[in-house]
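*Asks:* Submitted below is the structure of interest, expressed as structure tokens.
The values are calculated or read from the model by the stated rules, or taken from the named source; none is laboratory data. Just so it is clear, the structure is predicted and the values come from calculations on it, not from any experiment. Here the Cβ is made from the backbone with ideal geometry for all residues, glycine too, and neighbour counts use every protein chain on show.
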Amino acid sequence: QGRPIYLEGRAVRVAWRNPHVELDLEVAADLRLPADLAKRPLPAQSAQVDGAGLLAAAVLPTRKDRLWHVELAPPTRMEAWKVAEIRPGTPLALLGFTFGGEQGEAVLRAEYLFVAGQTYGLRSSPA
């Protein structure tokens, strides 16, 4: 978890179910870190999270996969954050972590979700 990865693109497949909401993300061909990423305001969560530190440390993935599988939070937590149901075609961005570095499949466990002008913390419920 020392290397937060930033992804941005469009949802192509979404499964809004337990144990976690999942989606496949088609990553933008011109993926780059937003200039304002480290300064974005973050919502308060019930868990201690160094969100500002994570945003400041964000990097792009080294692998060049155009399709990533993303694991979000459980549906109950998504509802607590009042995240509108994400549908295929929805543009969004994520900050999260890969499992075991970037080896194996292109899978990201999301820590923050940026969609429709809102930022959602997914580690815990809203504070």
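*Asks:* Would region 58-68 turn up any residue that is closer than 20 Å to V21 by Cβ, at pLDDT 95 or above and surrounded by 14 or more Cβ atoms within 10 Å (Cβ to Cβ)?
*Replies:* The first filter runs over region 58-68 and keeps only residues closer than 20 Å to V21 by Cβ, leaving 67-68.
Next, from what is left, pick out any that are at pLDDT 95 or above: 67-68.
Then drop every residue that is not surrounded by 14 or more Cβ atoms within 10 Å (Cβ to Cβ), which leaves 68.
Checked against the condition, which is being closer than 20 Å to V21 by Cβ, at pLDDT 95 or above and surrounded by 14 or more Cβ atoms within 10 Å (Cβ to Cβ), region 58-68 yields at least one hit.
*Asks:* Here is a further query. Are any of the residues in region 60-69 of a type in the set (A, V, I, L, M), over 25 Å from S125 (Cβ atoms) and in contact (Cβ under 8 Å) with a residue 40 or more places away in the chain?
*Replies:* Yes, region 60-69 has at least one match.
*Asks:* So, one more: Report every pair of residues separated by at least 6 positions or lying on different chains whose Cβ atoms are under 7 Å apart, first residue within region 1-14 and at pLDDT below 95 and surrounded by fewer than 18 Cβ atoms within 10 Å (Cβ to Cβ), second among the β-branched types (V, I, T) and part of a loop (DSSP other than H, G, I, E, B).
*Replies:* Short answer, once both residue conditions are applied: none.
*Asks:* Got at least one residue in region 104-121 being touching a Gly at 6+ places or on another chain (Cβ under 7 Å) and charged (D, E, K, R)?
*Replies:* Within region 104-121, one or more residues are touching a Gly at 6+ places or on another chain (Cβ under 7 Å) and charged (D, E, K, R).
*Asks:* Does G96 qualify as being touching a residue at least 60 places away in the same chain (Cβ under 8 Å) and surrounded by 19 or more Cβ atoms within 10 Å (Cβ to Cβ)?
*Replies:* Considered against the rule, which asks whether it is touching a residue at least 60 places away in the same chain (Cβ under 8 Å) and surrounded by 19 or more Cβ atoms within 10 Å (Cβ to Cβ), G96 comes out as yes.
*Asks:* In addition: Are any residues in region 17-56 in contact with a helix residue (DSSP H, G or I) (Cβ under 9 Å, 6 or more places away or on another chain) and surrounded by 13 or more Cβ atoms within 10 Å (Cβ to Cβ), and if so, which ones?
*Replies:* H20, V21, L37, A38, R40, L42, P43, Q45, A52, L55
*Asks:* Of everything in region 69-110 that's among the hydroxyl-bearing types (S, T, Y) and part of a loop (DSSP other than H, G, I, E, B), which residue is modelled with the lowest pLDDT?
*Replies:* Within region 69-110, the subset among the hydroxyl-bearing types (S, T, Y) is 76, 90, 98.
From the residues that got through so far, the ones that are part of a loop (DSSP other than H, G, I, E, B) too are 90, 98.
Working: T90: 97, T98: 91.
Ranking the candidates gives T98 first.
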